[in-house]
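> I have a structure here, written as structure tokens, and I will follow up with some questions on it.
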Amino acid sequence: MRFFRNILFLGLLLCSGLGLGQDLTPKDHALYQAKDYDSARVVIDMAIQTPEKYNSQTWQLRGLIYRKLETTESTMNREIAIESFVQARKTDTTGIYKEKINEYLYNTIIRYYNDAVNQLNEFKLSESEKSYVLYKSKYIELLDPNKNFSNEDLEYYNALGGSYSRTLVQLSGKEYDIALTLAVNCYGKVLAIDSMNYTANLNIAVMYYNKGADLILNQDPLNTPIEQLLENIATAEALFLKALPLMKKAYALNPDNIETIEGLSGIYFGLNDQENYILFQTKLDKINLPKYLEIYNQNPTDRKNIEELVRIYSSTLKDETQYQKFKTILDQLGG
């Protein structure tokens, strides 16, 4: 009889060590309030091995603790926090904590969006998109399956496309083509939501135009085979044709913006459409002429600026007197 009593006593000790028969959650809450999160994690992970695992507040506290233990290097503790809040919701059979738990979940899930923004600012672009996609999937799965992300997508993918497009000036060859494709894809997601989005239409058009212009400007006509020259010209024209409807749409949306006027002038020039080129180049020269004249007044020996004035007064805004004046000045400056 004594033998069985000792075993029973040992069993009670084991149960006490596991937290059975006592409330670990209130004790752990004190550790949480004291900001001793490492100790709190140990205790809360013991608590969920006891009948306290049926207590919604235990899981809520676990989520809060693991959220505090999150680091910038890893989101593992954030994921455990989310799992804990989900479990808290499951054990909240009366729904008394529903609003608070959903608030905890939202404030945790939004961190993926914050990651996406921070990574975008740090030019960690692929990581940023992964974080953004994860943010949306978690939100839909755990908070609102009917959430419409159109506004967020417009803002985010315009920003991501802009970041990819800004990298193009530093790239060449295959890396350039990859970044260009990624940028166009981002803006394509914007246009799929809003086909009249000004930023997306303009920026895709600019990228196509610049790619085509580079093919023409960067080739060496003396050392490049004629077949390659012809191929480059054909590719450039195809790019200008892809840019044209997008730039026209951007112009229709914002006809007073110098970017769209300059873009159409360049595209029509590249397509050898002289009539439309003169039309938009004239609009552009009307805008730029006061600036060129001011530059001349400040620096009358700026050859490049005077060349622009000669071109304007001889082609788009024809003025024989002004043309002769600046042509004489240009000749005097010499080679």
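The values are calculated or read from the model by the stated rules, or taken from the named source; none is laboratory data. For clarity, every value in this text was computed on a predicted model and none was experimentally measured. Don't worry about glycine lacking a Cβ; one is built from the backbone with ideal geometry, like all the others, and counts go over all protein chains shown.
> Just to verify a result, which residue in segment 239-253, among those that are surrounded by fewer than 16 Cβ atoms within 10 Å (Cβ to Cβ) and in contact (Cβ under 8 Å) with a residue 12 or more places away in the chain, is nearest to the chain's Cα centre (by Cα)?
Residues of segment 239-253 that are surrounded by fewer than 16 Cβ atoms within 10 Å (Cβ to Cβ), as a first pass: 241, 245, 252-253.
Still in the list and also in contact (Cβ under 8 Å) with a residue 12 or more places away in the chain: 241, 253.
Working: Leu241: 27, Leu253: 23 Å.
Ranking the qualifying residues of segment 239-253, first place goes to Leu253.
> Is it true that some residue in segment 182-198 is surrounded by fewer than 22 Cβ atoms within 10 Å (Cβ to Cβ), modelled with pLDDT of 95 or more, part of a helix (DSSP H, G or I) and of a type in the set (Asp, Glu)?
From segment 182-198, those surrounded by fewer than 22 Cβ atoms within 10 Å (Cβ to Cβ) are 182, 184-185, 188-189, 191-198; that's our starting set.
Imposing the further condition that a residue be modelled with pLDDT of 95 or more reduces the set to 182, 184-185, 188-189, 191-198.
Filter once more, keeping what is part of a helix (DSSP H, G or I): 182, 184-185, 188-189, 191-193, 198.
In the following step, the residues that additionally are of a type in the set (Asp, Glu) were identified as none.
Among the residues of segment 182-198, not one is surrounded by fewer than 22 Cβ atoms within 10 Å (Cβ to Cβ), modelled with pLDDT of 95 or more, part of a helix (DSSP H, G or I) and of a type in the set (Asp, Glu), which makes the answer no.
> Here are Gly188, Gly212, Gly263: which of them is touching a residue at least 60 places away in the same chain (Cβ under 8 Å) and outside the structural domain of Leu317 (by TED's automatic domain parsing)?
None of the others qualify; the one that does is Gly263.
> Also, quick follow-up: When segment 43-75 is examined, which residues are found to be modelled with pLDDT of 95 or more, in contact with a helix residue (DSSP H, G or I) (Cβ under 9 Å, 6 or more places away or on another chain) and more than 26 Å from Glu99 (Cβ to Cβ)?
Val43, Asp45, Met46, Thr50 - these are the residues of segment 43-75 that are modelled with pLDDT of 95 or more, in contact with a helix residue (DSSP H, G or I) (Cβ under 9 Å, 6 or more places away or on another chain) and more than 26 Å from Glu99 (Cβ to Cβ).
> Mind listing whichever residues of segment 11-36 are surrounded by fewer than 17 Cβ atoms within 10 Å (Cβ to Cβ) and modelled with pLDDT of 50 or more?
Filtering segment 11-36 for residues surrounded by fewer than 17 Cβ atoms within 10 Å (Cβ to Cβ) gives 11-18, 20-23, 26-27, 30, 33-36.
Gln22, Asp23, Pro26, Lys27, Ala30, Gln33, Ala34, Lys35, Asp36 - these are the residues of segment 11-36 that are surrounded by fewer than 17 Cβ atoms within 10 Å (Cβ to Cβ) and modelled with pLDDT of 50 or more.
> Would you check if Glu129 is assigned by TED's automatic domain parsing to the domain that holds Pro26, part of a helix (DSSP H, G or I) and touching a helix residue (DSSP H, G or I) at 6+ places or on another chain (Cβ under 8 Å)? Steps first, answer last, please.
On the way: assigned by TED's automatic domain parsing to the domain that holds Pro26: yes; part of a helix (DSSP H, G or I): yes; touching a helix residue (DSSP H, G or I) at 6+ places or on another chain (Cβ under 8 Å): yes.
Considered against the rule, which asks whether it is assigned by TED's automatic domain parsing to the domain that holds Pro26, part of a helix (DSSP H, G or I) and touching a helix residue (DSSP H, G or I) at 6+ places or on another chain (Cβ under 8 Å), Glu129 comes out as yes.
Residue-by-condition table, conditions (1) under 30 Å from Thr181 (Cα atoms); (2) in contact (Cβ under 8 Å) with a residue 40 or more places away in the chain; (3) in contact with a Gly (Cβ under 7 Å, 6 or more places away or on another chain):
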{"site": "Asn55", "(1), (2), (3)": "no, no, no"}
{"site": "Ala81", "(1), (2), (3)": "no, no, yes"}
{"site": "Thr91", "(1), (2), (3)": "no, no, no"}
{"site": "Ala116", "(1), (2), (3)": "yes, yes, no"}
{"site": "Lys124", "(1), (2), (3)": "yes, no, no"}
{"site": "Tyr132", "(1), (2), (3)": "yes, no, no"}
